[in-house]
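Asker: Handing you this structure, nothing more for now.
The values are calculated or read from the model by the stated rules, or taken from the named source; none is laboratory data. From a predicted model like this one, the values you see are computed outputs, not experimental measurements. Don't worry about glycine lacking a Cβ; one is built from the backbone with ideal geometry, like all the others, and counts go over all protein chains shown. Areas reflect the complete protein model, heavy atoms only, side chains present, ligands, DNA and RNA absent. Shrake-Rupley method; radii C 1.70, N 1.55, O 1.52, S 1.80 Å.
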Amino acid sequence: MSKISKIQAGAALALALGCVASAGAVTITPPGAGGAAIPFSAVGPATVSKGGVDVDCNAVFSGTVDGAGNIRITSAAFKGIPVCRMIKASATAATPWVGRVTAQNQLAIVGVMVDVQAPILGGQCGPSQIAGTIGDNGSETTIGLSSAPLAGGCAISAKLNTTPYMHVTP
């Protein structure tokens, strides 16, 4: 390997390590004692799309978040019109959706799966990793999903407010 290639490789490695280090620097307050996980809920309007058909519902997610931004969603439900009750989310305590605040305004969630139990367009979507946003305006924390795609032809959009309020610090 030439001297220039070694320098370029070293610079690329340093850049990659710097990005990983900065991603791990996110904190959520107020954490539990010693940074332990605390329970939270996220509620708000959501749209689940399958096969080009949008269903407007209210989403109710709950789980835990720790001071380092690690999220476990252990319950997810879609409520509202009767069709919303046909959308069954897979998040449970045994099989949580696992997420991480990756930067001040970025969120990644792994294992997201829904089963649309409707005639003709029904079927399972996911499990998939989705990306979203997490916003903190000083008094309210909002999780946003914008047509987050799931394998199987679904997408989820949502604007969810958390309880309790969580301050996200890079």
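Asker: In region 91-108, which residues are in a loop (DSSP other than H, G, I, E, B) and either touching a residue at least 60 places away in the same chain (Cβ under 8 Å) or more than 15 Å from T64 (Cα to Cα) (or both)?
Answerer: Matches in region 91-108: Q104, N105.
Asker: If we keep just the residues of region 27-53 that are at pLDDT below 75 and surrounded by 12 or more Cβ atoms within 10 Å (Cβ to Cβ), which is nearest to C154 (Cα to Cα)?
Answerer: P31
Asker: While we're looking at this one, here's another question. Only one residue in V83, V55, V48 is within 23 Å of G122 (Cα to Cα), part of a helix (DSSP H, G or I) and of a type in the set (A, V, I, L, M). Which one?
Answerer: Just one listed residue meets the conditions, V83.
Asker: Quick one: would you say K88 is at pLDDT 95 or above, touching a Cys at 6+ places or on another chain (Cβ under 9 Å) and open to solvent by 50 Å² or more (accessible area, probe 1.4 Å)?
Answerer: Answer is no for this residue.
Asker: May I ask you to verify whether I134 is at pLDDT 95 or above and either more than 19 Å from V60 (Cα to Cα) or touching a Leu at 6+ places or on another chain (Cβ under 8 Å) (or both)?
Answerer: Values: at pLDDT 95 or above: no; either more than 19 Å from V60 (Cα to Cα) or touching a Leu at 6+ places or on another chain (Cβ under 8 Å) (or both): yes.
No.
Asker: Moving on to the next point. Being touching a Gly at 6+ places or on another chain (Cβ under 7 Å) and either within 21 Å of T64 (Cβ to Cβ) or part of a strand (DSSP E or B) (or both) narrows it down to one residue among I156, I143; which is it?
Answerer: I143
Asker: Also, I was wondering about something else. Condition (residue is surrounded by 14 or more Cβ atoms within 10 Å (Cβ to Cβ) and modelled with pLDDT under 80) applied to region 8-25: is it met by at least one residue?
Answerer: Within region 8-25, one or more residues are surrounded by 14 or more Cβ atoms within 10 Å (Cβ to Cβ) and modelled with pLDDT under 80.
Asker: It is to be established whether one or more residues within region 114-126 are open to solvent by 40 Å² or more (accessible area, probe 1.4 Å), assigned to a strand (DSSP E or B) and in contact (Cβ under 8 Å) with a residue 24 or more places away in the chain.
Answerer: yes
Asker: Quickly run through region 144-168 and pick out the residues that are hydrophobic (A, V, I, L, M, F, W, C), modelled with pLDDT of 95 or more and surrounded by 14 or more Cβ atoms within 10 Å (Cβ to Cβ). So that I can check it myself, show each step before the final result.
Answerer: Of the residues in region 144-168, the ones hydrophobic (A, V, I, L, M, F, W, C) are 145, 148, 150-151, 154-156, 158, 160, 166, 168.
Applying the additional criterion that residues be modelled with pLDDT of 95 or more yields 145, 148, 150-151, 154-156, 158, 160.
Within region 144-168, L145, A148, L150, C154, A155, I156, A158, L160 qualify.
Asker: Mind listing whichever residues of region 59-81 are modelled with pLDDT of 95 or more, under 12 Å from the mean Cα position of the chain (by Cα) and open to solvent by 50 Å² or more (accessible area, probe 1.4 Å)?
Answerer: Answer for region 59-81, where residues must be modelled with pLDDT of 95 or more, under 12 Å from the mean Cα position of the chain (by Cα) and open to solvent by 50 Å² or more (accessible area, probe 1.4 Å): just R72.
Asker: Out of region 91-116, which residues are polar (S, T, N, Q) and modelled with pLDDT under 95?
Answerer: T102, Q104, N105, Q106
Asker: Could you grab me the full set of residues in region 127-139 that are under 14 Å from the mean Cα position of the chain (by Cα) and either open to solvent by 50 Å² or more (accessible area, probe 1.4 Å) or small (G, A, S) (or both)?
Answerer: P127, S128, Q129, A131, G132, T133, G135
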